[in-house]
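**Student:** Pasting a structure here, questions to come.
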């Protein structure tokens, strides 16, 4: 049985903690490897390597850093097929879905290639007699990213591309459920020209996370995952004096108005709800049917579900793979079991689907007649389950979404431009789609929700990512004639 190790100071380093965790192929249920779980001392070794590498990398020219990002992009692009298959083997999503993840991750690398333009400061000449003022952005030092299982390539790229391009050294703590992708990305970064110690991977569990949050030499921590853990990361990290961006869970609503094209809305709902087996923080998990659109919309969604091919990624005709673990499959099934008792109607039950005997599969499910007080409505299921809640008016739909604890993403389907504009104005959600079901921003904007979907005030990637991984220094300079020098204890004035 193979072991999955750390990447510290430019090389693979076997774990010495003695603690491991099994890595499964979710499509077969078989254990494929064991990943070493780092001790605090192993995290410290990675931090030391990153700290030692930082001064030289910080001093590296912007042109060289951009060149390294271009090199890395090229290497990832050349190895797309292999990386997609690796993601599929450890995560379970089919390779075509993994390829989409990789493409969106590469957008962030491409944004980072333009870092020379992103780090331009400001300059004001003669703010006072003979005095100029200018601002520069400088890296923080050692920064870390803690990433989830559901996007083992894309979410790390959300973080490390900007962090490294801005001159920081980086420590990645990936999910222990699908850890191999991080090591392959480390190898490609090294080939691209990232110096030893600038990018490190520490495999691990809560021991590694806690050491990252406590280590005095780590200046900032980025996190994407569930809301309870995001809150813990944020409170613990900030209590230890770190910058923290912590993105949490979601319950994304898709409003369908009576004037919408039902067939298009049904296609969008199915695509957004069941892609990646629903294991997306931007998946649509609730359709809000307004007025009399409920019955035809539910019928249109239901008739599409038997055509979805569920199975392992080794069959290119399959469209949806398994969920990540047996425990998570059973948790998703528990919501389906409990829904009728809450008064909901299970229209399509994924537990009864004809599925492969092996692996962590559950079929697509559709639940109608949700109510706001139901557990199946309030909680993030993170599986291939789509709920439908019916309201009478547009205003009720907006109020429903605004009252929910999560505010990550939302969408509206309508032909009415006025209604769409009013929706984007009134809705208390961070990312909004208009006839777009999964409104993940392009890389030159930034990603982030509202309410319990984020902790702190920093979004991730794009311009917000550059801001997060740098700090501003303002310089006031004068080159006077020594003959004019004198002592003045008054407060300096710009006159």
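The values are calculated or read from the model by the stated rules, or taken from the named source; none is laboratory data. Note that the structure is predicted; figures quoted are calculated from it, not measured. Because the Cβ atoms are built from the backbone with ideal geometry, glycine has one as well, and the counts that use them run over all protein chains shown.
**Student:** Before we move on, is residue 203 within 19 Å of the chain's Cα centre (by Cα), touching a residue at least 40 places away in the same chain (Cβ under 8 Å) and in the same structural domain as residue 464 (by TED's automatic domain parsing)? Before the answer, list the steps.
**Tutor:** On the way: within 19 Å of the chain's Cα centre (by Cα): yes; touching a residue at least 40 places away in the same chain (Cβ under 8 Å): yes; in the same structural domain as residue 464 (by TED's automatic domain parsing): yes.
So residue 203 fits the description; yes.
**Student:** Condition first: buried (at least 17 other Cβ atoms within 10 Å of the Cβ) and free of Cβ contacts under 8 Å to residues at least 40 places away in the same chain. Now tell me which residues in the stretch 350-381 satisfy that.
**Tutor:** Listed by number, the residues that qualify are 350, 365, 367, 369, 374.
**Student:** Exactly one of (1) surrounded by fewer than 16 Cβ atoms within 10 Å (Cβ to Cβ); (2) touching a strand residue (DSSP E or B) at 6+ places or on another chain (Cβ under 7 Å); (3) outside the structural domain of residue 428 (by TED's automatic domain parsing) is unmet by residue 234. Its number?
**Tutor:** (1)
**Student:** Condition (residue is touching a residue at least 40 places away in the same chain (Cβ under 8 Å) and out of contact with any helix residue (DSSP H, G or I) (no Cβ under 9 Å at 6 or more places or on another chain)) applied to the stretch 388-399: is it met by at least one residue?
**Tutor:** There is at least one residue in the stretch 388-399 that is touching a residue at least 40 places away in the same chain (Cβ under 8 Å) and out of contact with any helix residue (DSSP H, G or I) (no Cβ under 9 Å at 6 or more places or on another chain).
**Student:** Inspect the stretch 425-446 for any residue being surrounded by 19 or more Cβ atoms within 10 Å (Cβ to Cβ) and free of Cβ contacts under 8 Å to residues at least 24 places away in the same chain and give the result as yes or no.
**Tutor:** Checked against the condition, which is being surrounded by 19 or more Cβ atoms within 10 Å (Cβ to Cβ) and free of Cβ contacts under 8 Å to residues at least 24 places away in the same chain, the stretch 425-446 yields at least one hit.
**Student:** Of the residues that make up the stretch 113-136, is at least one in the same structural domain as residue 225 (by TED's automatic domain parsing) and closer than 21 Å to residue 10 by Cβ? Don't jump to the end; show me each part of the working.
**Tutor:** Step one: filter the stretch 113-136 for residues in the same structural domain as residue 225 (by TED's automatic domain parsing), giving 113-136.
If we keep only those that are closer than 21 Å to residue 10 by Cβ too, we end up with none.
No; the residues of the stretch 113-136 include none that is in the same structural domain as residue 225 (by TED's automatic domain parsing) and closer than 21 Å to residue 10 by Cβ.
**Student:** Within the stretch 324-338, does at least one residue satisfy the condition of being modelled with pLDDT of 95 or more, in a loop (DSSP other than H, G, I, E, B) and crowded, with 18+ Cβ neighbours inside 10 Å? Lay out the reasoning, then the answer.
**Tutor:** Step one: list which residues in the stretch 324-338 are modelled with pLDDT of 95 or more, which gives 324-338.
Narrowing further to those that are in a loop (DSSP other than H, G, I, E, B): 324-325.
With crowded, with 18+ Cβ neighbours inside 10 Å added as a condition, the list becomes 324.
Yes, some residue in the stretch 324-338 is modelled with pLDDT of 95 or more, in a loop (DSSP other than H, G, I, E, B) and crowded, with 18+ Cβ neighbours inside 10 Å.
**Student:** Separate question: List the residue pairs whose Cβ atoms are under 7 Å apart, where the first residue sits in the stretch 113-127 and is farther than 24 Å from residue 67 by Cα, the second is part of a loop (DSSP other than H, G, I, E, B), and the two are 6 or more positions apart or on different chains.
**Tutor:** Short answer, once both residue conditions are applied: 127/494.
**Student:** Are there strands (runs of 3 or more DSSP E) fully within the stretch 406-495 with at least 1 residues that are at pLDDT 95 or above, over 27 Å from residue 260 (Cβ atoms) and touching a strand residue (DSSP E or B) at 6+ places or on another chain (Cβ under 9 Å)? List them.
**Tutor:** Working: elements: 409-413, 431-434, 470-478.
Where strands (runs of 3 or more DSSP E) fall fully within the stretch 406-495 and carry at least 1 residues being at pLDDT 95 or above, over 27 Å from residue 260 (Cβ atoms) and touching a strand residue (DSSP E or B) at 6+ places or on another chain (Cβ under 9 Å), they are 470-478.
**Student:** Here's another thing I want to ask about it. For the subset of the stretch 217-231 comprising residues that are touching a residue at least 60 places away in the same chain (Cβ under 8 Å) and either surrounded by fewer than 21 Cβ atoms within 10 Å (Cβ to Cβ) or outside the structural domain of residue 178 (by TED's automatic domain parsing) (or both), which member is nearest to residue 246 (Cα to Cα)?
**Tutor:** Keep residues of the stretch 217-231 that are touching a residue at least 60 places away in the same chain (Cβ under 8 Å), which gives 217-227, 230-231.
Pick out the ones that are also either surrounded by fewer than 21 Cβ atoms within 10 Å (Cβ to Cβ) or outside the structural domain of residue 178 (by TED's automatic domain parsing) (or both) and you get 217, 219, 226, 231.
On the way: 217: 19, 219: 15, 226: 9, 231: 7 Å.
So, considering only residues that are touching a residue at least 60 places away in the same chain (Cβ under 8 Å) and either surrounded by fewer than 21 Cβ atoms within 10 Å (Cβ to Cβ) or outside the structural domain of residue 178 (by TED's automatic domain parsing) (or both), the one nearest to residue 246 (Cα to Cα) is 231.
**Student:** May I ask you to verify whether residue 387 is over 18 Å from residue 253 (Cβ atoms) and surrounded by 21 or more Cβ atoms within 10 Å (Cβ to Cβ)?
**Tutor:** no
**Student:** Which of the residues that make up the stretch 191-214 are more than 22 Å from residue 467 (Cβ to Cβ) and in contact with a strand residue (DSSP E or B) (Cβ under 8 Å, 6 or more places away or on another chain)?
**Tutor:** 196, 197, 200, 201, 202, 203, 204, 205, 208, 209
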